[in-house]
1. Which of the residues that make up segment 18-35 are more than 16 Å from ligand 1 (Cβ to nearest atom) and closer than 20 Å to Val109 by Cα?
2. For segment 201-319, list the helices (runs of 4 or more DSSP H) that sit wholly inside it and hold at least 3 residues that are within 16 Å of ligand 2 (Cβ to nearest atom); which are they?
3. For Glu175, only one of the following conditions fails: (1) at pLDDT 95 or above; (2) at negative phi. What is its number?
4. Report yes if some residue within segment 292-304 is polar (S, T, N, Q), touching a residue at least 12 places away in the same chain (Cβ under 8 Å) and within 28 Å of Asn263 (Cβ to Cβ); otherwise report no.
5. Which one is nearest to ligand 1 (Cβ to nearest atom), of the residues in segment 60-119 that are outside any loop (DSSP other than H, G, I, E, B), small (Gly, Ala, Ser) and buried (at least 17 other Cβ atoms within 10 Å of the Cβ)?
6. Mind listing just one residue for me: the one in segment 39-57 that is more than 16 Å from ligand 2 (Cβ to nearest atom) and either of a type in the set (Ser, Thr, Tyr) or touching a residue at least 60 places away in the same chain (Cβ under 8 Å) (or both) and, of those, farthest from Phe358 (Cα to Cα)?
7. Taking the residues in segment 408-428 that are touching a helix residue (DSSP H, G or I) at 6+ places or on another chain (Cβ under 6 Å) and part of a helix (DSSP H, G or I) as candidates, determine which candidate is modelled with the lowest pLDDT.
8. Applying the selection to segment 1-38, what residues are part of a helix (DSSP H, G or I) and touching a helix residue (DSSP H, G or I) at 6+ places or on another chain (Cβ under 8 Å)?
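The values are calculated or read from the model by the stated rules, or taken from the named source; none is laboratory data. None of these values were measured; they are calculated from a predicted model. A quick note on method: Cβ atoms are made from the backbone with ideal geometry, for glycine too, and the neighbour counts reach across all protein chains shown.
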Amino acid sequence: MKIFNTLSRTKEEFVPLEPGKVKMYVCGPTVYNLIHIGNARPMIVFDTVRRYFEYKGYEVTYVSNFTDVDDKIIKKANEEGVDSSEISSRYIEECRKDMAGMNVRSATVHPQATQEIPGMLTMIQTLIDGGHAYVAADGTVYFRTRSFKDYGKLSHKNIDELQSGFRELRVTGEEDKEDANDFVLWKPKKEGEPYWDSAWCKGRPGWHIECSVMAKRYLGDQIDIHAGGEDLIFPHHENEIAQSESANGKLFANYWMHNAFLNIDNRKMSKSLGNFFTVREIAGQYNLQVLRFFMLSAHYRSPLNFSADLMESSKNGLERIQTAMERLRDLDGKVSGDVLTEAEKAWDAQAGELVAKFEAAMDDDFNTADAIAALFELVKLSNSTVSADCSKAYTEDMKGRIQSLCDVLGLIVESRTETLDDAVEKLIADRQVARKAKDFAKADAIRQQLLDMGIELKDTREGVKWKRI
Ligand code: AMP
Ligand code: ZN
C-alpha cells in the first residue's frame, strides 16, 4: 500500500509500527456551530481510509478529537448567555448526527480538550523543563521553536524566512515572544472565559497542545498516521510535531495525510468566507449517501468543487449501484444451484479481476475515484450477466463482491429498514430497563449507540418516540 506522505512529499510504502495494526489520529472540528460540508470532507475521506485498512485485515485504532475550548465557542456562549460547555455539547451531538447520516463511523475514541487538561499541564511542564518552552511575565507559556531543529519539516518552510518580518508580525499582548514562530501553549484567562489552575497562571490551553496530548494518551508516543485538511499543515501540524517530538524524544507520526479543499466557485468553503453549506442543509435536499459518494468521486488530494451538477451525477451513480443490488436481491428465492456453470466461471473470473482493480486503486494512495470506476465496471458486469437463469452461487457471489466494495467506501446500498427496526426496538427497550434501574450511564450509552445508527430518541409523555435522522 502506498501513501502520499506530506513529510517527504512522495508516495511511500505503508509499513505499520506494529504488524497488523494501524494507529491513526485525525484532527476533528471545533464545535461552535453545525459542521459544513468542507469539514465533512476529512471525515468521509479518513473514515474510508480506516475502512480500507480494516478490509485489508488491519486492526485500526482511530482517534479524532472535538475542540471544545476556543475563542469562537466562548464568543457564541457569551452571545447566548450560556456556559461554553453547553455550546460545545450541543454541537458535538449535532455533529454526531451528521456523521451518522454520512455513515462516518464513530472513532475508537473522541476525546475532548476540556477533559484532557491534566495531560496538557504535564506535557507543558515537560517542555519547560527541557528548555523547549518559557513562561512570559503575564503567565503565558510559549513554545520555543528555535529549540526544535526540525521546525518547518512538514510544511517545508524555512524557519529563517518565517522569522523575517517578525517585528511587523508582533501581536499586541505577545510582546514577550522570543521569536515570531513561537506559539502559545497556555494563556491567561480573560473575563468571562473558562479557565483552569496551573503553575503559571489561571488560564486555558492553546489549540495545538490538545492534539499532541490526546494522541499520546490514546495512541502512544509514536503513531502511524496523522491526518486532517491541508489548511492544518501549517501551523497546526507543524506545531504538533514540535511539541510531541520535543516532549517525547521520538518521531511523532510516520505518515502525514492531508485532504485538499472542498471549494465552491473555486474558493475554499469556510465559515469565515460565509460561502458554505452545512451538512444539515444538504440533508434537506439529498440523502447524505449522495454527499458521501460525491466526496469520494475525487481523489482526496485533488481540490473538489461543489456543484449541483456534480451532486446530481453522484445521485445517479449511487442509484446505479443500488439498482444493481436490488436486482440481485430480487433474485433471492428465484435462483438455485450451488455450483457455477462454465459461463459463470468466466464471468466470476472477470469479477475477481475488477475487485483486484478496485484494490489496486485503493492501494495507490486511496484513489477512490479509480476505485469507484472499477466498482461501476463490476456493476455493469452484474447487470449484463445476472438473470433468473443463473445459479444461486453466482448471484450470491456477485452480491457479496459489490456489497464488500460498497462497505469499504461506506456507501449504504441495502434497504436495511426492517432488520434495523427490530434492532432499534430492542435497544430502546434495553434503555428503558437501564433508566428504571437508574443506570443512567448505560441509558446514555444506548442513546449514543442509536445516534451512531442514525436514530434520534425523544422522551415524550406518551413514551419514547424515535426517528431517523
Ligand atoms: P475546523 O473546525 O475549521 O478546525 O476544521 C475541521 C476539519 O475540517 C479540519 O481537518 C479542516 O482542515 C477541515 N476543513 C475545513 N474546511 C475545509 C474545506 N473547505 N475543505 C476541506 N477540508 C476542510
Ligand atoms: Zn489537531
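1. Applying the first criterion (more than 16 Å from ligand 1 (Cβ to nearest atom)) to segment 18-35 yields 18-23.
Within segment 18-35, Glu18, Gly20, Lys21, Val22, Lys23 meet the criteria.
2. On the way: elements: 207-219, 238-248, 279-285, 288-296.
In segment 201-319, the matching helices (runs of 4 or more DSSP H) lie at 207-219, 238-248.
3. Going through (1) at pLDDT 95 or above; (2) at negative phi one by one, Glu175 breaks only (1).
4. Initially, segment 292-304 is screened for residues polar (S, T, N, Q), giving 297, 302.
Next cut, touching a residue at least 12 places away in the same chain (Cβ under 8 Å) only: 297, 302.
Still in the running and within 28 Å of Asn263 (Cβ to Cβ): 297, 302.
Looking for residues that are polar (S, T, N, Q), touching a residue at least 12 places away in the same chain (Cβ under 8 Å) and within 28 Å of Asn263 (Cβ to Cβ), one finds at least one in segment 292-304, hence yes.
5. From segment 60-119, those outside any loop (DSSP other than H, G, I, E, B) are 60-64, 66-67, 71-80, 84-101, 109, 112-115, 117-119; that's our starting set.
Restricting the remaining residues to those that are small (Gly, Ala, Ser) gives 64, 77, 84-85, 88-89, 100-101, 113, 119.
Okay, now just the ones that are also buried (at least 17 other Cβ atoms within 10 Å of the Cβ), so 64, 77, 84, 88, 100-101, 113, 119.
Numbers: Ser64: 10, Ala77: 17, Ser84: 16, Ser88: 12, Ala100: 18, Gly101: 17, Ala113: 12, Gly119: 20 Å.
The selected residue is Ser64.
6. Pass one, segment 39-57, residues more than 16 Å from ligand 2 (Cβ to nearest atom): 40, 44, 47-57.
Among the residues that remain, those that are also either of a type in the set (Ser, Thr, Tyr) or touching a residue at least 60 places away in the same chain (Cβ under 8 Å) (or both) are: 40, 44, 47-49, 51-52, 55.
Details: Ala40: 24, Ile44: 18, Asp47: 17, Thr48: 14, Val49: 14, Arg51: 14, Tyr52: 11, Tyr55: 12 Å.
Residue satisfying both the conditions and the ranking: Ala40.
7. Among those that are touching a helix residue (DSSP H, G or I) at 6+ places or on another chain (Cβ under 6 Å) and part of a helix (DSSP H, G or I), it is Leu427.
8. To start, the set of residues in segment 1-38 that are part of a helix (DSSP H, G or I) comprises 37-38.
Hit for segment 1-38 is Ile37, nothing else.
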